[in-house]
Each structure stands twice: as C-alpha cells, then as structure tokens.
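*Asks:* This structure is in structure tokens; I'll ask about it shortly.
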Amino acid sequence: MSPGRLQRVEVWSPLPGTAQFHFERARLEVSFLADDTVRVSWGPGPEPVPYAIAGDIAGPVPVVQAHPIDVLRADGAWVLRSVALEITVSPDGTLRTARPGGTLLRSESAPARRGAAWEQSFSMRAGERMCGLGEQALAIDRRGATVTLWNTDPGGSWGPGKGPLYLGIPVVVSTHDDGDVLSFYENSTRATFDFGQQPSDAGKSGTATVRFAGGVLRRYLITGDVPHLVDRYTELTGRPALAPRWALGYHQSRWGYRNDADVRAITDGFANLGLPLSAVHLDIDYMRGFRVFTVDPDKFPDLGALTTEVAAVGTRLVTIVDAGVKIDPDYDVFCEGRDQHRFCTDAHGHLAEGVVWPGRSAFPDFTDPGTRSWWAGKYRTLTDAGVAGIWHDMNEPTSIALLGDPTLPISTRHHFDGRGGDHAEGHNLYGLLMNRAGYEGLQRAVPDRRPFIVSRSGWASMQRWAWNWTGDVASTWESMRQQVATVIGLGLSGVPYSGSDIGGFSGIPDDELYLRWLQMSVFMPYCRTHSVRGVPPREPWCFAEPTRQLVAAWIRFRYRLLPYLYTLAHQASETGAPLIRPLWWSGGDSDTDDAFLLGDALLVAPVTEAGGRRPAVPLPSGRWTSIWAGDGDGVGEGDGVGEGNDQVSVLTPLDRIPVLARAGSVIPLDDGWSDRGGLCRLDGDTGRPPLGGPTSDGLSLDHAPRHLAFHCWPDEEGVAAGVCIDDAGDGHGPVRRDTLRFEGAHPGGTATLTWERAGDFAAPIALRVVLHGLSAARAVADGVEVPVSGSVVDVATFSELTLEGLRDVTGFGV
Ligand code: GLC
C-alpha cells in the first residue's frame, strides 16, 4: 500500500530541525540532527527501542544539536535544506537527497507497506559502490547481490557466497565521485537488500530495493567522505571500546583443549620456542557438561592457580560463554533464571526451549534490563578465577536444528525494556544485548580493567561492547581470500575489530595454506588460531620445517606491529576508523578485494593462492615501498617501489607477503621483536623473551614495547609524519600521544625528527629511530651526539633529533 497523497505538513515539530508530513496512510518525519546527518522515519509501526543509539535508552539522540534548516516550497514539493544537504519531499512521497548545489545523491520511491512490512526502492548511481551490511561472504562492493540480514549460524562451515551469516548490520556505505553517503536503518527486523544487478552492471545506474519485516522504516542518512561517515556513524551508535593491549597480541585456540595440563603444554611449548603468547582460549570443554558459568572440577581443579601461573609469562585465559542455559533442575543458573523469569517465553508464557551443546536449553531475554543485570553478575564466576577475556558464541541465537531456521520461533516473546515484542524484532538484537550484558558484567567485576569480549553475533553498535571473529570458516584458499572483504565490510559497518580462525575452522589446511593465512592475520585486528574438534592441532611446533620457523617468525612479527596496532586502536576509539580499510578509504579508484590498508601507512597484500602467486597490487595515491626491501636481497620484479595508480609486483617467497609502506609515514614498531641487532633472542634460546619493556618511570609493563622504534619512510619532499599513542595497556590511566615529524630527509642534507609528547604517560627510556632509504653519518639528540649505525639510531627520549651526512641507501627494510 502506498502512502497516498500528502495532506498536511508541520515544520519544527516536535523538535527544531524537524518536519512532519502526513500522508493519507503514512507519516513521514524528517529530522536534521546535524548539517550532514538527517533522520528519515516512515510510520506507522512500532518505534525501535533505541538499543543501537549511544547514550541513555530513550534519551535524546546524542549527535550534535538539532540544527536550523530552511524549509521551502518549490513546484508543489517541500525542500528541507541545511548547509550540507537538501531533502526534497514530493506530494506522492518520493524523496530526493542532494547536495546544496543540486547534485543528486539518492532518490527514493515512496515506501510500500504490506501488512507490517515495508518495501522501498532507491537509486544507485553509475559506478556507485554499495558496501557495509556487516559480515558478508561477498565482495566489498555488494552490488549485484541480494543480502539478507537475519543473524544465522550457517552450519559449521562457510565460504564465499554463503549467507546470511552471524552478524548483519543494516548500514550501507556508498561511495561515488559526486559524494559518499551512509544509510543506517534503525530497524532490527529481518531485512533484505536487493542490489538487483549483476556485479558487472556496477558501472551503470540502477535501482536497489530494501525490505523490512516490520517496525517503522527509519533511516539515518549521513554525508561526507568515507572516514567522516564512519566517524559520524560511531558518534551516533557509540565509539569502539578500547580493549586491553594484550588482546591485540597472538591468541591460540582449539576446540579440544581438555584440561589444565593441555593449557600448560601450550604455554610451555611457546616458551620453548622463545615465542610470546597473549591468550589461550578455552572452548566448551572447560565447563561442567557445557553448563555456562561453571568450570569442570576434574579437568580444571584450580583454575585460579592456572590463570596465575600463565599470567606470570604474560598469557591470559579467555573462556567461551554460550547463550543457551542447560535446562536442568539441579543447575543453579537455570533455576535462578527460571524462578526470576529471566528466560524468553512463548506466547503463552512458557519457557521457550532450544537445543545447544548441553541439550535442551533456555535463552536469557537480554532485552530485559533485569536479565542483563542478572547475567552480568555471573561473569564473576570466571573473573574471580582470573579469567581475563570472554568469548561469546551461539548468540545469533542459535538453536541447533537439522531442518528449518536454527533459532527461536518468531512468536517467542521479549521484554524490550518494558514495551514487549517478539522474536521478529528481538532476533537480530540478541547478540548485541548479550554483549552489552557481558561488557557491563566485566566492568562491574573488574572495574580497573578494560573488558575484552569477542563475539560471533551482534548488531549495529556492537563496537561498544565486543570484538568479532568470523565464525566457522572453511579451510580453503577461497575462504581465506574472502576474509579480506568480510573484515573490511565489518569495519565499514562500525565494527573495527574482527579476524578469522587462522587456517580456517572446519578443515585441515596444509602447511602452505596455514602459513599464508597466518601472514594475512598478523595484519588483521584479531589474530587467533582456532579449529574444529578432531582436526590436527595447529600449535607452532606441530608443523614441519620450514613452516615451524616461519610460523614462529610471523607470530613474533605480530608483536613488532603492536605499537602501531595499539595506536590505531586508540584512534578507532576516537573516530571509529577501522584498523583495516579498503584501498580507496581516503579516496581514489584503487580497488581490489584481496589487499587492504592497515591504518593509513601500510598496504598488505596477502597471498591467497597456492604456489605463492598473487596478482599485482593496484596502489592508492602516493609512493609506496616494500617494507621488506632489505639487506640487498631484492624485493621482486622491479624495486618494490611504486607510485599511486601503478600496479606493483612484489616477490612472494614462502617467508613473506607483500607489505608496502606509504612514503611520508613514520610508523611505530616494537624492534624488541626484531631479529636485527640481536634485540630479540632467536630460536635455540630457551625461555621466553619477556612480554613488555621498561618505561622511563621504571615500570615494566605487560605488553609494553620492549624497544620502541620510529620507522621513517620520507616522501619525495623529504618529509614524513606519524603518531604513536601509548599507555599502560589496560585500565583507565594516563595516555601519551606522540606526534612525530621528519623533515629535510634528502641525500647530502641534514634532517630533523621532532617528537612532541602530550599526556602524562611516561615515554620509554631507550628507543630507536630507523631511516628507510637513507643512512646518516652523525646524529645529535637535543644537542648531544648519539651513536648511529647506518640507518639506525639508538637514542634516549628526545625532542629533536638531527641527522647529518645523509646518503641514499637502497633496499633497507624493517
Ligand atoms: C561454534 C563456534 C566455534 C566453536 C564451537 C564449539 O561452532 O563458532 O568457534 O569452537 O562452536 O564451541
């Protein structure tokens, strides 16, 4: 049914910046929340409980103040105009969104309502990319696909083209030369987005259709460039939480670790190889009969002692918590939940039952604030035993089924903070609100630590509570390659932390596939090896040489990257910018689904085919240099250096994948894990090099840089700049923000590196400056000469470092 004709218009109602349009059978409300952010809602229908909107529930939308707009009438239509955006509402309900000059961004049909469902078509511009929508097994650009948003366990193994997956998010980021647009549909009911053409039609204009099963048809529309879109979107839905630094380290997991002896064998094995290990994950077998918030006393007689023991070498335990609670009259969590009415019910008030690992299970109703608080209190069982992180699973929610939709029935009732509703609306919110309860539980249990939760499911705004991993990925090359587009898609949907089971979950990767998957994952936000029950183990020592050595070297390299990753994590919590990004993140046409940017400064091109082949990398603007350009061993066909819009080929022997640095960057790395200069003890040593190094105030902090190094890649102007953000790695204490600027880096010249520090967190005592492409004859830090060896300067904290007698050197890598 169409809205019918426009009958009445109210402006400034109910808020400034708002206009209401009353049609015969529908109501449209247009609210400017900022010059570049507008909320467009079609009713009737139940309003969403604003779970995805940051701030207090039912509180005002926190984006900048409602903004004055001009409202004009032109040719029978109504035009609402801010300085950045112009919305034209026609009397038949079609909407046109344009830039103030008139350049069309989007036109939308009047929506049709069928029962409780909505359907609306909108235009896609020629060459417009349509990205986002959370976790998808599709290309970064979703054009040509039909995407369903209904969080679903795809059944133990997935690869390209499979859907829906565990974590849909109704946010579409579209990019076009005429202007980028973000649309967030605040509607949790089942949705389909039909980008209705062949991918090959993306160059032409077209029409997309979106359908929601119920609710009001509410959309937040944001304009600006892509980084701005994600910034505004995470202002609206909440900034990504900053996790403890250890979460950015390497995690080892396997469905099948049986007991404390297995855990000790892992930490000992890492120590024997001289390898750091940030976390061991305990899958469902640690529990007593898969009952959540229990620990099997036979397998883990003293979990507290075990966590203390492994913490001494810098390793944490992360334990799984599933959504389903075993129905068992002798189990306290179930009895409490039943007696306090914490579980979802059917339409008659009886317990809604499903099947998870323990058999018949009940499902907490996380839309009930009382249930969230009750559940939050349960995490103490684990944190009191020293468990440091939580892994949320089966929270789509999944009820294992051989046939039909593997979740709760649609008629299942939910509380919805008092207003009531059913599973049609509650389903996609389930994981989100479980994550919220878990986060609040960890905050409550251990207030001086930052919560760490990694979750399989969620919804818009989950970045406030949890990281994600991509679930049960098939162990194939195609699935590995898919992870790049999948994780980038999540980042564009506001979820900056994700990664995949290294080697794939459900099969047996050969050594080459495992190693290539690890090399890719070392540059992804979440770096964890995990696998299904029954497949051969994947600890580093399980591989034959040369894989074993290479796996060890790449795990170490993850720790080298930590200062950069942690800087990006701080920035993500300020602006929402994902850690890994499509090559066109800052504009430009360079487009591929099998390479990504890590921050602005690194371009990573994983090898996603057997035999070391990989297509040439299309470079974004700027000049890019292989970071491996090292020690005269050559970097591939050509010199590993390329300019924007070139294709660059880099050699891909088994020990490396192409990684390029953007000229003009200063990148903080932890050279305490470098094999250069004997900083890091290598294989053959016994005992593990300590995780973390001293700071100038004498503290030795877990996962702190052991030897912070500023790596400088000057551009053709001889300039490079970068940022390093550091703190104690956990808790809520002071932060230090370093701004680094390198100037005058020309052969024969004198260059200066200035280091401005802001904030109260102490700087390291000793650090290193590494020049790429240049060597220096003499170095002076704040007036005092310091030792220099070629391209490497070892120095104490400084404000200005002068480098004299600069000479070109080729091929000096990290
Ligand atoms: C699910 C998870 C997987 C886990 C398994 C057992 O399949 O996705 O990671 O190992 O359940 O808990």
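The values are calculated or read from the model by the stated rules, or taken from the named source; none is laboratory data. Only a predicted model underlies this, so the values are computations on that prediction, with no experimental measurement involved. Glycine also receives a Cβ, built like all others from the backbone with ideal geometry; neighbour counts cover every protein chain displayed. Note: accessible area is taken over every heavy atom of the protein model, side chains too, but ligands, DNA and RNA are not part of it. Shrake-Rupley method; radii C 1.70, N 1.55, O 1.52, S 1.80 Å.
*Asks:* Provide the per-residue ³J(HN,Hα) series for segment 123-129, in order, calculated from phi with Karplus coefficients 6.51, -1.76, 1.60 and θ = phi - 60°, each as a whole number of Hz, with x at glycine and proline positions.
*Replies:* Working through the residues one at a time gives 7, 10, 6, 4, x, 6, 8 Hz.
*Asks:* Once Rh for segment 360-435 is found with the Kirkwood sum over Cα pairs, what is the Stokes-Einstein diffusion coefficient at 37 °C and 0.692 mPa s, in µm²/s? Write down the numbers at each step before the final one.
*Replies:* Details: Rh = 13.6 Å.
Value of D from the Cα-based Kirkwood radius: 242 µm²/s.
*Asks:* While we're here: For the peptides 514-525, 455-466, what is the packing order when you average, over each peptide's residues, the other Cβ atoms within 10 Å and list the highest mean first?
*Replies:* Sorting 514-525, 455-466 by mean packing, highest first, produces 455-466, 514-525.
*Asks:* Kirkwood hydrodynamic radius for the chain: how many Å is it when counted over pairs of different Cα atoms?
*Replies:* Averaging 1/r across every pair of different Cα atoms and inverting gives 27.6 Å.
*Asks:* While we're on this one: Normalized C-alpha radius of gyration of segment 230-299, against 2.2 N^0.38 Å?
*Replies:* Here the Cα radius of gyration is 1.54 times the empirical estimate.
*Asks:* Just how much of Arg99 is accessible, in Å², when a 1.4 Å probe is used and the result is rounded to the nearest 10?
*Replies:* 100
*Asks:* Tell me, what is the percent relative contact order of the chain, built from C-alpha pairs under 8 Å that lie six or more residues apart?
*Replies:* The normalised contact order for the chain reaches 10 percent.
*Asks:* In the full protein assembly as shown, how much of Lys162 is accessible to a 1.4 Å probe, in Å² to the nearest 10?
*Replies:* Spelled out: Lys162, probe radius 1.4 Å, area about 90 Å².
*Asks:* Listed highest first by mean packing, meaning other Cβ atoms within 10 Å per residue, what order do 121-128, 145-152 come in?
*Replies:* My ranking of the peptides, most packed first, is 145-152, 121-128.
*Asks:* Whenever you get a sec, line up Cys335, Cys131 from highest to lowest accessible area (probe 1.4 Å, protein heavy atoms). Write out the running numbers ahead of the final one.
*Replies:* On the way: Cys335 25, Cys131 0 Å².
In descending accessible area the options line up as Cys335, Cys131.
*Asks:* Okay, moving on. Which of the listed residues, Gly421, Thr407, Ala766, is farthest toward the dipole's positive end in the chain, when Lys, Arg count +1 and Asp, Glu count -1 at the beta-carbon?
*Replies:* After comparing all options, I get Gly421.
*Asks:* Sticking with this one: In a solvent-free Debye calculation with one equal scatterer on each Cα, what is log10 I(q)/I(0) for segment 390-516 at q = 0.23 Å⁻¹, listed in the order of the q values?
*Replies:* -1.28
*Asks:* I would also like to ask the following. For Thr383, what is the net charge nearby, where nearby means another residue's Cβ is under 11 Å from its Cβ and Lys, Arg count +1, Asp, Glu -1?
*Replies:* Combined, the nearby Lys, Arg, Asp and Glu give +3.
*Asks:* Two decimals is fine: what's Rg over Rh for segment 339-393, C-alpha atoms, Kirkwood radius as Rh? Please report the intermediate quantities before stating the final value.
*Replies:* Values: Rg = 13.2 Å, Rh = 12.9 Å.
Reported Rg/Rh, Kirkwood definition of Rh: 1.03.
*Asks:* Quick check: convex hull of the Cα atoms in segment 244-351, volume per residue, rounded to a whole Å³?
*Replies:* 129
*Asks:* Which three extents, in angstrom, do the Cα atoms of segment 1-50 have along their principal axes, listed largest first?
*Replies:* 31, 25, 17
*Asks:* Additional query: Compare the peptides 341-352, 386-397 by average per-residue count of other Cβ atoms within 10 angstrom and give them in order, highest first.
*Replies:* Output ranking for 341-352, 386-397: 386-397, 341-352.
*Asks:* Can you compute the equivalent ellipsoid semi-axes for segment 521-639, i.e. the square root of 5 times each eigenvalue of the Cα gyration tensor, sorted largest first and rounded to whole Å?
*Replies:* They are 26, 21, 15 Å, listed from largest to smallest.
*Asks:* Can you compute the helix-only [θ] at 222 nm over the chain? Use -39500 (n - 2.57) per DSSP H run of at least 4 residues, normalise by all residues, nearest 500 deg cm²/dmol.
*Replies:* After summing the helix terms and dividing by the residues of the chain, the value is -5000 deg cm²/dmol.
*Asks:* A follow-up question, please. What's the FRET efficiency of Asp330 with Ile508 using the Cβ-Cβ distance as r and R₀ = 56 Å, to the nearest 0.05?
*Replies:* 0.90
*Asks:* By accessible area of protein heavy atoms, probe 1.4 Å, what ranking do Ile410, Ile627 get, highest first?
*Replies:* Reading off the accessible areas and sorting them downward yields Ile410, Ile627.
*Asks:* For segment 159-268, just the Cα set please: Rg and Dmax, both in angstrom.
*Replies:* 20.5, 61
*Asks:* Sorted from largest down, give the three principal axis spans of the alpha carbons of segment 489-578, whole angstrom values.
*Replies:* Taking the Cα atoms of segment 489-578, the three principal extents are 43, 26, 17 Å.
*Asks:* Kindly sort Glu135, Glu800, Glu716 by accessible area of their heavy atoms, largest first, with the probe set to 1.4 Å.
*Replies:* Largest accessible area first, the list is Glu716, Glu800, Glu135.
*Asks:* Short version: what are the Cα gyration tensor semi-axes of segment 406-455, square root of 5 times each eigenvalue, largest first, in whole Å?
*Replies:* Equivalent-ellipsoid dimensions as semi-axes: 27, 12, 6 Å.
*Asks:* Find the accessible area per residue for segment 147-269; the probe is 1.4 Å, ligands and nucleic acids are left out, and the unit is Å².
*Replies:* In whole numbers, segment 147-269 has 28 Å² accessible per residue.
*Asks:* Also, I was wondering about something else. In segment 310-414, if every C-alpha pair distance is counted and binned at 5 Å from zero, what percent goes to each bin?
*Replies:* Calculated P(r), rounded to whole percents: 2, 12, 20, 23, 19, 10, 7, 4, 2, 1, 0.
*Asks:* So what is the accessible area of segment 567-616 per residue, in Å², with the probe set to 1.4 Å?
*Replies:* It amounts to 27 Å² per residue over segment 567-616.
*Asks:* Any chance you could run the full-extension gain for Arg73 through Asp405? It's 0.36 nm times the residue separation minus the Cα-Cα distance, nm to one decimal.
*Replies:* This chain segment gains 114.6 nm when fully extended.
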